[in-house]
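One structure below.
The values are calculated or read from the model by the stated rules, or taken from the named source; none is laboratory data. Keep in mind the model is a prediction, meaning the values are calculated, not measured. Cβ: placed from backbone, ideal geometry, glycine included. Neighbour counts: every protein chain shown. Surface accessibility is based on the protein's heavy atoms, side chains included, excluding ligands, DNA and RNA. Shrake-Rupley method; radii C 1.70, N 1.55, O 1.52, S 1.80 Å.
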Amino acid sequence: MGLVVQKFGGTSVGTIERIKNTAKRVIAEKKKGNDVVVVVSAMGKTTDQLVSLAKELSPYPSKREMDMLLSTGEQVTISLLSIALAEAGFEAVSLTGWQAGILTENVHSNARILNIDQTNIRHHLIANRIIVVAGFQGVSENNEITTLGRGGSDTTAVALAAALHADKCMIYTDVTGVFTSDPRYIPTARKLGAISYDEMLELSNLGAGVLHSRAVEFAKNYNVPLEVCSSMVNEDGTFIEEEVQVEKSLIVRGVAFEDEITRITVFGLKDKLTNLSGIFTTLANNNINVDIIIQNQTDGENPYLSFTIKHEDLRDTIQLLESKQDELCFDHFEYESGLAKVSIVGSGMISNPGVAAKMFDCLTKNEIQIRMVSTSEIKVSTVLEESYMVRAAQLLHTAFGLDVVEQQV
């Protein structure tokens, strides 16, 4: 007898019929003799609808009240799924994030999990109940309802699997696994049988929506066996593990892309060491994530600094820089929106020089201008105009041999 954590996304529980189908998958796992903990998202487009309602009242609603509002979406799903399981003859109990003991930092809309008090969950497991937990939410040390940000239900599932020492964690989605790129935009993308934690973490950080990066971090740090598979069809998904057998021909394993990127450029830094620390500390203290960073200095002139943020953080970033301009000692700043990030990822890049050159050559030959570049051992990211994003991703997908070959179609 083992312990399995299953996570079902919004599409998988988007209708009553799909909730019934999800209940069948949960029951099938329970019938194998396993204890089962299920994590679910809000039904379908519920979260988007709740956000839309709030925006009808205020263009910038309080993050605290948004957490209170959005947390209700998952509560609907856990109740309905528990009712479906009970109707099928299996004892089930629904738990909100705080009832499941998920303690987070005191940050609204993008909180991190600090600890999981397993007492309540263990009590229900001993009673042989199927436990249905609301994803995406927790409670802070100040007793405030918090949410975990985009993809937070993935994080809930993997964090629970790590805390409970689960035998495996299965992430059910509306796709059949992890693909070499987003198949909705890149029709030639193909499913990977396995991928390493490091590669998946890079892809998630760079815009691949199939798994949230914090979920992958938990899986890697606690060695949680992870499988991404379809809730619609019965077939093997993609296994995410420490070491995988890589196709020798594939130096690059995936192409990720992300829109709504904004570049901020700060000019006239008086003291580059103090300014760098001050700017990024200020942004971090206000929970604004900075991605690509470039510093430039010309002889005889003060250096200037460019970095990228998500467009949703632009308003807060502008307010911070304007209010702290004298303290941070810079002349002025500018921003450019309408940008995107396109990246290639692959552990094979470590031992194969010339990958970045091939990427840049592919883009420039197709007259796609590169605005910024960032690299690591297993990825190269470029910032370019948003209108070129999908075309650039498809060109790179083809250039690095990731397209489905004709006989596989």
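Could you give each residue of the range 161-167 its phi-based ³J(HN,Hα) in whole Hz, using Karplus coefficients 6.51, -1.76, 1.60 with θ = phi - 60°, and x for Gly or Pro?
4, 5, 5, 8, 6, 5, 6
What number does the range 3-74 give for Rg over Rh if you use C-alpha atoms and the Kirkwood radius?
Ratio of gyration radius to Kirkwood radius for the range 3-74: 1.14.
Expressed as a whole number of Å, what is the distance separating the alpha-carbon centroids of the range 251-266 and the range 357-409?
Result: 11 Å between the Cα centres.
Give me the percent of accessible area attributable to carbon and sulfur for the chain, probe 1.4 angstrom.
Within the chain, the accessible surface is 48 percent carbon and sulfur.
Quote the Stokes-Einstein diffusion coefficient, in whole µm² s⁻¹, for the chain, based on the Kirkwood radius over alpha carbon pairs, a temperature of 4 °C and a viscosity of 1.567 mPa s.
57 µm²/s
Checking the table K220/K310; K30/K168; K7/K30 against a 19 Å threshold on Cα-Cα, which pairs fail?
K220/K310
Can you grab the distance from the C-alpha centre of the range 29-45 to the C-alpha centre of the range 172-224, Å, no decimals?
The two parts, judged by their Cα centres, are 20 Å apart.
With an 8 Å Cα cut-off and a minimum separation of 6 or more residues, compute the relative contact order for the chain in percent.
13 percent.
Cα to Cα, under 20 Å, and not fewer than 8 places away if on the same chain: which lysines meet these conditions relative to K270?
Partners found: K324.
Identify which of N143, N106, N223 has the largest mean-square fluctuation in a Gaussian network model of the chain, with springs joining Cα atoms closer than 10 Å.
Judging by the Gaussian network model, the answer is N143.
When the label point is put 7 Å from the Cα of S277 along its Cα-to-beta-carbon vector, which residues of the range 314-332 have a backbone N closer than 11 Å?
Taking a point 7 Å out along Cα→Cβ of S277, no residue of the range 314-332 has its backbone N under 11 Å.
Where does the Debye-calculated log10 I(q)/I(0) of the range 49-204 sit at q = 0.10, 0.15, 0.17, 0.21 Å⁻¹, using only Cα point scatterers of equal weight, no solvent?
Listed by q, the Debye log ratios stand at -0.45, -0.95, -1.12, -1.31.
With a Cα-only, solvent-free Debye model of the range 25-140, what are the log10 I(q)/I(0) values at q = 0.10, 0.11, 0.14 Å⁻¹?
-0.34, -0.41, -0.63
Among DSSP bridges having both ends in the chain, what percentage is antiparallel? Round to the nearest 5.
Roughly 60 percent of the DSSP beta bridges within the chain come out antiparallel.
What residues qualify as long-range amide H neighbours of F333, i.e. H under 5 Å apart, gap of 5 or more or another chain, H built at 1.01 Å from N?
Those lying under 5 Å, H to H, from F333 are F267.
How high is the relative contact order of the range 1-85, in percent, counting Cα pairs under 8 Å that sit 6 or more residues apart?
Answer for the range 1-85 is 37 percent.
As I understand it, the value is the acute angle between the Cα axis of helix 63-87 and the longest principal axis of the Cα atoms of the chain; what does it come to in degrees, rounded to 10?
30 degrees
Given a Förster radius of 35 Å and the C-beta distance between I350 and T188 as r, what FRET efficiency does 1/(1 + (r/R0)^6) yield to the nearest 0.05?
According to the calculation, E is roughly 0.85.
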